[in-house]
Amino acid sequence: EAWTYNGIVPGPQIRVDLGDKLRIVVHNELPMGTDIHWHGVSTPNNMDGVAPLTQPLIKSGETFVYEFDAEEPAVGMYHAHHHAQMQVVNGMFAAFIIDEVPLPLGQTVSGIEIPADLELAAEMPMVLNDAGNIGFSLNGKSFPATEPLVVDEGDWFVVHYYNEGLTDHPMHLHQFEQLVYAKDGIPLDQPYFADTINIAPGERYSVLVQADRAGVWVWHCHILTHVEREEGMFGMVTAIIVNEA
C-alpha cells in the first residue's frame with residue numbers, strides 16, 4: 001500500500017508559468033501528521049513546509065493552505081518533510097516545474113551540433129525511489145510494470161531525473177548518449193554528453209537525447225542490485241521503444 005497525493009504515485013505534477021500565483025490546499029487523511037516541502041522551489045519562509053519550524057504540523061484530519069508566487073524558474077519536486085523517511089519512500093513525492101529550462105539550441109557540444117529549430121517529441125519526469133513500500137522504482141513502478149517511453153527514430157526528447165530515494169542512482173540509457181544541460185533546474189554553461197549520470201538524493205538532472213536508432217533499448221540504474229535478482233530483472237528498469245521512421 002502506498003501513501004499518496006490525490007491517490008497516485010508519483011503525485012500530480014505541478015507545472016506553472018513564471019509569475020503564476022499558486023494556492024495549494026492540503027487535507028491530511030493520513031494516520032499521522034504531515035507537511036509539504038517544495039524542494040528546489042523559491043517560496044516565502046512560512047511556505048517552506050518544514051513543521052514545526054516554518055508552520056504547524058498538519059495533523060490527521062486538518063487542512064493547510066500553501067500560497068506563493070512562482071518567482072523563479074525551477075525543476076523541483078515536492079514531498080513530505082515531517083516523517084519523511086516513512087512518507088516519502090512510501091509514495092509522497094512528485095515533480096514541480098516552473099517555466100522552461102532553456103535547451104542548448106544551436107550549440108555544438110563535443111562536435112555534435114544541436115539543431116536551432118529542434119522540436120521535442122516528448123518531455124518526461126523520471127522520479128527515482130529505492131525504499132519503503134514503493135521500493136526500487138521509476139515513477140512509482142517496478143519492472144516489469146514500468147512504462148516505456150515510445151518515440152520515432154530521429155526524435156529528440158527531454159528527461160528530468162528526480163532522486164527521491166535514499167541512495168545514489170547512476171542512470172544508464174543503452175545506445176544513446178544523454179546531453180546534460182541543467183542541474184537542479186540551473187542551465188549549465190557547458191552542457192556535456194554522458195553515458196551514465198549519477199544522481200544523488202535530492203538532485204535533479206535535465207537531459208536531452210536523440211533517438212537515432214530503432215529498437216527496444218534498456219534504461220536502468222547501473223547499481224545491479226537495484227535492477228536484478230535471482231529470478232531476473234526487477235526494480236529500476238524500463239525501456240525506450242524507438243519505432244522505425
Practice task
Answer yes or no: is there a residue in the range 68-77 that is touching a residue at least 60 places away in the same chain (Cβ under 8 Å), within 18 Å of the chain's Cα centre (by Cα) and not in a strand (DSSP E or B).
Solution key: yes
Completion exercise
Given the conditions (1) under 27 Å from Val158 (Cβ atoms); (2) crowded, with 19+ Cβ neighbours inside 10 Å, every one holds for Glu71 apart from (2)
Problem - Any chance Tyr161 is touching a strand residue (DSSP E or B) at 6+ places or on another chain (Cβ under 9 Å), within 25 Å of Val109 (Cα to Cα), in contact (Cβ under 8 Å) with a residue 60 or more places away in the chain and not β-branched (Val, Ile, Thr) - result: no
Exercise for the section: Name the single residue, out of those in the range 96-110 being within 23 Å of Glu203 (Cβ to Cβ) and of a type in the set (A, V, I, L, M), that is surrounded by the fewest Cβ atoms within 10 Å (Cβ to Cβ). Expected result: Val109
Practice task
May I ask you to say which residue of Asp35, Asp48, Asp20 is in contact with a Leu (Cβ under 7 Å, 6 or more places away or on another chain) and not small (Gly, Ala, Ser)?
Solution key: Asp35
Completion exercise
Of the residues in the range 160-206 that are farther than 27 Å from Ser42 by Cα and of a type in the set (D, E, K, R), the one that is surrounded by the most Cβ atoms within 10 Å (Cβ to Cβ) is Glu177
Exercise for the section: Say whether the condition of being in the same structural domain as Pro73 (by TED's automatic domain parsing), within 26 Å of Lys183 (Cβ to Cβ), polar (S, T, N, Q) and over 23 Å from the mean Cα position of the chain (by Cα) is met by at least one residue in the range 31-51. Expected result: yes
Exercise for the section: Answer with yes or no whether Ala214 is under 22 Å from Ile97 (Cβ atoms) and of a type in the set (Gly, Ala, Ser). Expected result: no
Handout entry: In the range 121-158, the residues that are aliphatic (A, V, I, L, M) and in contact with a strand residue (DSSP E or B) (Cβ under 8 Å, 6 or more places away or on another chain)
Key = Ala121, Ala122, Met124, Met126, Val127, Leu128, Leu138, Leu149, Val150, Val151, Val158
Problem - Elements of type strands (runs of 3 or more DSSP E) in the range 131-245, at least 1 residues being acidic (Asp, Glu) - result: 149-152, 155-163, 186-194
Exercise for the section: Return a yes/no flag: does the range 106-122 have any residue that is part of a strand (DSSP E or B), hydroxyl-bearing (Ser, Thr, Tyr) and within 21 Å of Asp195 (Cα to Cα). Expected result: yes
Problem - Yes/no for Gly76 being surrounded by 13 or more Cβ atoms within 10 Å (Cβ to Cβ), outside the structural domain of Asp189 (by TED's automatic domain parsing), closer than 19 Å to Glu123 by Cβ and not aliphatic (A, V, I, L, M) - result: yes
Practice task
Identify the single condition in (1) touching a helix residue (DSSP H, G or I) at 6+ places or on another chain (Cβ under 7 Å); (2) within 24 Å of Ile134 (Cα to Cα) that Asn28 does not satisfy, given that it satisfies every other one.
Solution key: (1)
Practice task
Mind telling me which of the residues Gly61, Gly33, Gly49, Gly40 ends up being exposed (fewer than 13 other Cβ atoms within 10 Å of the Cβ) and either at pLDDT 95 or above or polar (S, T, N, Q) (or both)?
Solution key: Gly61
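The values are calculated or read from the model by the stated rules, or taken from the named source; none is laboratory data. Source: prediction; values computed, not measured. Every residue, glycine as well, gets a Cβ built from its backbone with ideal geometry; the counts of neighbours run over all protein chains shown.
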